[in-house]
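Data block below; observations after.
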Amino acid sequence: MSHTEVKLKIPFGNKLLDAVCLVPNKNLTYGIILTHGASGDMNLPHLMSLASHLASHGFFCLRFTCKGLNIVHRIKAYKSVLNYLRTSGEYRLAGVFLGGRSMGSRAAASVMCHIEPDDADDFVRGLICISYPLHHPKQQHKLRDEDLFRIKEPVLFVSGSADEMCEKNLLEKVAQKMQAPNKIHWIEKANHSMAVKGRSTNDVFKEINTQILFWIQEITEMDKK
């Protein structure tokens, strides 16, 4: 399915965030917001590849850049983007999924658990965490799990089985304790950057993109029933 690329400036305090939307050429239903990790920006090859895959299957996709290592700043920026889409007259979406890579997924998770109780319109449908940074390398005793336990909407984790910031058995334990329905897809032998020895980057992207699309489709199909 064809889609149109639209560049946006989203108000954030007295600044503007750079964003790019891929808008499918059909009636809009659901959207996905994506943002990058501690480094890079919205034009990371993987975010572009994922956005294009989702848009080609009919999902509106917005990716945005918010630089800096201050997680509070990143969370506030993410909230601004969510509010922009929630109140947009241009893009009337039935619901959105919040997504991000590494630190971006941490920001998205935090936004998920601070959604106001007056969000009874179910606008936010789920969370997609690519390489969620559960702990600093070699600091498995300090888990960043408190936000995950407060989320109620469905969560998909896509992580590398050799991710130095997300030990496999630790994420599995966290997932079991979560109240949200959740699924983990492990990319075999991938590290935090999703690099796998002996596999091309595009091959890994394809696996991740397929899993994310399938999961979103499962949830949005249930809405139709």
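The table that follows gives values for the structure above.
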quantity	calculated
Search result, residues across region 96-110 that are basic (K, R) and assigned to a helix (DSSP H, G or I)	R106
Residue in region 108-116 that is closer than 19 Å to N27 by Cβ and either within 14 Å of the chain's Cα centre (by Cα) or open to solvent by 60 Å² or more (accessible area, probe 1.4 Å) (or both) present	no
In region 26-68, the residues that are part of a loop (DSSP other than H, G, I, E, B) and of a type in the set (A, V, I, L, M, F, W, C)	L28, A38, M42, L44, F59, C66
Any chance L62 is within 30 Å of N202 (Cβ to Cβ), touching a Cys at 6+ places or on another chain (Cβ under 9 Å) and open to solvent by less than 10 Å² (accessible area, probe 1.4 Å)	yes
Matching residues, region 189-206, being open to solvent by 50 Å² or more (accessible area, probe 1.4 Å) and within 23 Å of P154 (Cα to Cα)	K206
Residue count for region 211-220, restricted to those that are in contact (Cβ under 8 Å) with a residue 40 or more places away in the chain and either open to solvent by 70 Å² or more (accessible area, probe 1.4 Å) or among the β-branched types (V, I, T) (or both)	4
Qualifying residue in region 94-114 (condition: at pLDDT 95 or above, among the hydroxyl-bearing types (S, T, Y) and within 30 Å of S200 (Cα to Cα))	yes
Residue within region 1-11 that is outside any helix (DSSP H, G or I), modelled with pLDDT under 95 and touching a Gly at 6+ places or on another chain (Cβ under 6 Å) present	yes
Entirely in region 119-225, the strands (runs of 3 or more DSSP E) that have 1 or more residues that are touching a Lys or Arg at 6+ places or on another chain (Cβ under 6 Å)	124-130, 155-160
Considering residues of region 41-55 that are without any contact (Cβ under 8 Å) to a residue 60 or more places away in the chain and open to solvent by less than 40 Å² (accessible area, probe 1.4 Å) only, the residue nearest to K9 (Cα to Cα)	M42
Verdict on E172 being modelled with pLDDT of 95 or more, surrounded by fewer than 20 Cβ atoms within 10 Å (Cβ to Cβ), more than 25 Å from A55 (Cα to Cα) and out of contact with any Ser or Thr (no Cβ under 9 Å at 6 or more places or on another chain)	yes
Test for G160: is it small (G, A, S) and in contact with a Cys (Cβ under 9 Å, 6 or more places away or on another chain)	yes
Members of region 79-95 found to be touching a helix residue (DSSP H, G or I) at 6+ places or on another chain (Cβ under 7 Å), more than 16 Å from N27 (Cβ to Cβ) and open to solvent by less than 60 Å² (accessible area, probe 1.4 Å), listed by number	L82
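The values are calculated or read from the model by the stated rules, or taken from the named source; none is laboratory data. Being a predicted model, the structure only gives us computed values, none of them experimental. Here Cβ is always computed from backbone atoms with ideal geometry, including for glycine, and neighbour counts include all displayed protein chains. The area values use the complete protein model at the heavy-atom level, side chains included, leaving out ligands, DNA and RNA. Shrake-Rupley method; radii C 1.70, N 1.55, O 1.52, S 1.80 Å.
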